[in-house]
Amino acid sequence: MEKAEIRKTIKERFNDFKAGKEEEKIIIERIKALDEYRKADTVLLYSALDDEVDLSALLSSEDKTFLFPYIKNGEMGFSTRPLKKGCFGIMEPEKKEEYLFSKALLIAPGRAFTESGARLGRGKGFYDEYIRKNKDRLFTLGVCFSIQLFKTLPVDADDQILDLVVTATPDYA
């Protein structure tokens, strides 16, 4: 399947998907159990759209700095809260200045994932570019609902493979 066809398939799957809240709880517990999450001082998170895993429950962790993506001059960066509606109608930091960190856990949304870490985004390439530029200081984690998990995905040279994917599928994290 081509990328556009997969994105269309995912959109159709969401029309009948009812288990989102239950799956989110499982995914959040699995993330909290990860050594990479427990050891992380800095977590690069995202503000969920309606068809993305909402991880806002993680924000109650007071021992972590949470950063959120923004787009400035065609590039993605991460900064602190407060957030406001920004580019593409997504909540993003009011202050669009890159927050400096040495190591961080990046949690990426996407349209589709494989167990081996392939990720299909929305098609703009912002996450792929950010990960490529910062790979040496990131542990990358994808999160998705069970309906977004595929056995294989088309991968281009610019597509970045994530270190781990967490979903609610039984016995899989």
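The values are calculated or read from the model by the stated rules, or taken from the named source; none is laboratory data. Quick caveat: nothing in here was measured; it's all calculated off a predicted structure. Glycine also receives a Cβ, built like all others from the backbone with ideal geometry; neighbour counts cover every protein chain displayed. Quick note on the areas: whole protein, heavy atoms, side chains included, nothing else; ligands and nucleic acids left out. Shrake-Rupley method; radii C 1.70, N 1.55, O 1.52, S 1.80 Å.
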Chymotrypsin sites (Phe, Trp or Tyr not before Pro) within the range 1-49: DSSP coil, no more than 16 neighbouring Cβ in 10 Å: Phe17
Taking R0 as 25 Å and r as the Cβ-Cβ distance between Asp156 and Arg13, the FRET efficiency 1/(1 + (r/R0)^6), rounded to the nearest 0.05, comes to 0.60
Rolling a 1.4 angstrom probe over the protein heavy atoms, how many square angstrom per residue are accessible across the chain? 54 Å²
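For the range 12-43, state which trypsin sites (Lys or Arg not before Pro) are in a DSSP loop and have at most 12 other beta carbons lying within 10 Å of their beta carbon.
Sparse-neighbourhood loop trypsin sites (Lys or Arg not before Pro): Lys18.
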List the residues of the range 67-105 whose backbone N lies under 18 Å from a point placed 7 Å from the Cα of Arg132 along the Cα-to-Cβ direction. 71-78
Residue list for the range 56-98, given a label point 7 angstrom along the Cα-to-Cβ vector of Leu49 and an amide N cut-off under 18 Å: 56, 68-72, 74-77, 84-93
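So in the chain, what percent of DSSP beta bridges are antiparallel if you round to the nearest 5?
Around 40 percent antiparallel, to the nearest 5.
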For every helix of n ≥ 4 consecutive DSSP H residues, a contribution of -39,500 (n - 2.57) applies; sum these over the chain, divide by its total residues, and give [θ] at 222 nm rounded to the nearest 500 deg cm²/dmol. -7000 deg cm²/dmol
Can you pull out the trypsin sites (Lys or Arg not before Pro) in the range 108-159 that DSSP calls coil and that have at most 14 other Cβ atoms within 10 Å? Arg122, Lys124, Lys151
Can you send over the carbon and sulfur percentage of the accessible area for the chain, probe radius 1.4 Å, protein chains only? 49 percent
Report relative contact order for the chain in percent, whole number only (criteria: Cα-Cα under 8 Å, sequence separation at least 6). 23 percent
If you take the beta carbon distance between Glu5 and Lys95 as r and set R0 to 30 Å, what does 1/(1 + (r/R0)^6) give as a FRET efficiency, to the nearest 0.05? 0.20
Could you give the dipole magnitude of the range 1-108 about its Cα centre, charging the beta-carbon of Lys and Arg +1 and that of Asp and Glu -1, in debye to the nearest 20? 140 debye
Reachable lysines from Lys8, criterion Cα separation under 30 angstrom, eight or more residues apart if same chain: Lys18, Lys21, Lys25, Lys72, Lys84, Lys85, Lys124, Lys133, Lys135, Lys151
